[in-house]
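To start, the structure under review is shown below, and the notes come after it.
The values are calculated or read from the model by the stated rules, or taken from the named source; none is laboratory data. Keep in mind that what you see is a predicted model, and the values were worked out from it rather than measured. Glycine also receives a Cβ, built like all others from the backbone with ideal geometry; neighbour counts cover every protein chain displayed. Heads up: the accessible areas ignore ligands, DNA and RNA and are worked out on the full protein's heavy atoms, side chains in. Shrake-Rupley method; radii C 1.70, N 1.55, O 1.52, S 1.80 Å.
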Amino acid sequence: MCYFSNMTGKSRYQIIKRLQAELSRGAPFDLVTLAQYGVSPQLATHYAGVGWLVRLAQGVYAFPGDEFGVHGALLFLQRRSPGLHVGGKSALAWQGVRHNLGGRDALVLWGEGRFILPAWFTSRFPARYVHARLFDWPDSLLADKTLATPPGLPDGVQVAVSERAVLEMLYEVGVKQSLEEARNLFDGLRSPRKDLLGQLLSCCTNVKAVRLFLAWARATGVVDVDALLEHYPVRTGGSRRWVSRLDDGTLLSLKPHG
């Protein structure tokens, strides 16, 4: 006979009271977490059936009436998909780099592994997930160093630092990101770290993103492009112009060194 069927109503109630007292509010939780409190899958189903828990998806639960926020939900997703982070335009916005950013803009999440954002997340927080190997990391140190938690956010929420986020945004130009908005956001960059940029450009695998960065950096003077190219083996993709027609019909032509 299973553990659940041997439990009394009183003991089941005591367990749910402990869950309510000890589990953090503002975030979903899964069966692994519930098991730490002695809650089996069968007992979780029972709790959902009587209204003590809300089932969001297979093996994912929340407390009824708990309007969890995007930060708690992101922490949950990050545990399921290591490396998942707020990236691109969204990461820049979360660090104060905005250009007429509307409240309805989809949250841009990045990761190097395949991952499908669950419906319970996207129904609450319009979002899309970008799966791309944009960087050929020399080691895990640089990858880790370019993800951080901006001030004011809960500890552990992973957001691309601005130097990484701008390259993620430029990767999407002509696909999900307009050229005009990307340029306006680029103009909002302030005092990027030259050493970190050099390292990122040296392992960035996307020629469009690298050349766009160099061209706009040279035009704005946000960083000394010649000094950057002198000190770092930036991947510019050869000596020929990079030419491509974007989805909106714009012809983009980029020189190797900006």
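Does residue 55 fit the bill of being open to solvent by 40 Å² or more (accessible area, probe 1.4 Å), within 30 Å of residue 190 (Cα to Cα), in contact with a helix residue (DSSP H, G or I) (Cβ under 9 Å, 6 or more places away or on another chain) and not polar (S, T, N, Q)?
no
Of the residues 19, 74, 34, which single one is assigned by the TED database to the domain that holds residue 120 and either of a type in the set (Phe, Trp, Tyr) or modelled with pLDDT of 90 or more (or both)? Please lay out each step first, then the result.
Details: 19 fails: assigned by the TED database to the domain that holds residue 120; 34 fails: assigned by the TED database to the domain that holds residue 120.
One residue alone meets the criteria, 74.
What do you reckon, is residue 183 among the basic types (Lys, Arg) and in a loop (DSSP other than H, G, I, E, B)?
no
May I ask you to list pairs of residues, at least six apart or on different chains, whose Cβ atoms are under 8 Å apart, with the first in the stretch 55-83 being free of Cβ contacts under 8 Å to residues at least 40 places away in the same chain and within 23 Å of residue 17 (Cα to Cα) and the second being open to solvent by 10 Å² or more (accessible area, probe 1.4 Å) and charged (D, E, K, R)?
59/30; 61/30; 61/55
Please specify each residue of the stretch 120-154 satisfying the condition of being open to solvent by less than 30 Å² (accessible area, probe 1.4 Å), in contact with a Leu (Cβ under 8 Å, 6 or more places away or on another chain) and in contact (Cβ under 8 Å) with a residue 24 or more places away in the chain.
Within the stretch 120-154, 120, 121, 130, 134, 135, 142, 146 qualify.
Among the listed residues 180, 163, 172, which satisfies the condition of being at pLDDT 95 or above, open to solvent by 10 Å² or more (accessible area, probe 1.4 Å) and charged (D, E, K, R)?
From the options 180, 163, 172, the qualifying one is 172.
Considering only residues that are among the aromatic types (Phe, Trp, Tyr) and not in a loop (DSSP other than H, G, I, E, B), look in the stretch 215-258 and name the one that is surrounded by the fewest Cβ atoms within 10 Å (Cβ to Cβ).
Of the residues in the stretch 215-258, the ones among the aromatic types (Phe, Trp, Tyr) are 216, 232, 242.
Subsequent filtering for residues that are not in a loop (DSSP other than H, G, I, E, B) retains 216, 242.
Values: 216: 19, 242: 17.
Of everything passing the filter in the stretch 215-258, 242 is surrounded by the fewest Cβ atoms within 10 Å (Cβ to Cβ).
Anything in the stretch 151-165 that is part of a loop (DSSP other than H, G, I, E, B) and under 13 Å from the mean Cα position of the chain (by Cα)? List them, or say none.
Hits for the stretch 151-165 are 156, 157, 158, 161.
In the stretch 82-116, how many residues are on the phi < 0 side of the Ramachandran plot and either open to solvent by 10 Å² or more (accessible area, probe 1.4 Å) or modelled with pLDDT under 90 (or both)?
Number satisfying all stated conditions: 20.
Determine whether residue 124 is basic (Lys, Arg), out of contact with any helix residue (DSSP H, G or I) (no Cβ under 9 Å at 6 or more places or on another chain) and assigned to a loop (DSSP other than H, G, I, E, B).
Numbers: basic (Lys, Arg): yes; out of contact with any helix residue (DSSP H, G or I) (no Cβ under 9 Å at 6 or more places or on another chain): no; assigned to a loop (DSSP other than H, G, I, E, B): yes.
Here the answer is no, as residue 124 does not meet what is asked.
Picking from 236, 220, which residue would you name as being under 20 Å from residue 138 (Cα atoms), outside the structural domain of residue 133 (by the TED database) and either touching a strand residue (DSSP E or B) at 6+ places or on another chain (Cβ under 7 Å) or not aliphatic (A, V, I, L, M) (or both)? Walk me through how you get there before you give the answer.
On the way: 220 fails: under 20 Å from residue 138 (Cα atoms).
Checking each option against the conditions leaves just 236.
Kindly indicate whether residue 227 is aliphatic (A, V, I, L, M) and in contact with a Phe, Trp or Tyr (Cβ under 7 Å, 6 or more places away or on another chain).
Values: aliphatic (A, V, I, L, M): yes; in contact with a Phe, Trp or Tyr (Cβ under 7 Å, 6 or more places away or on another chain): no.
The answer is no for residue 227.
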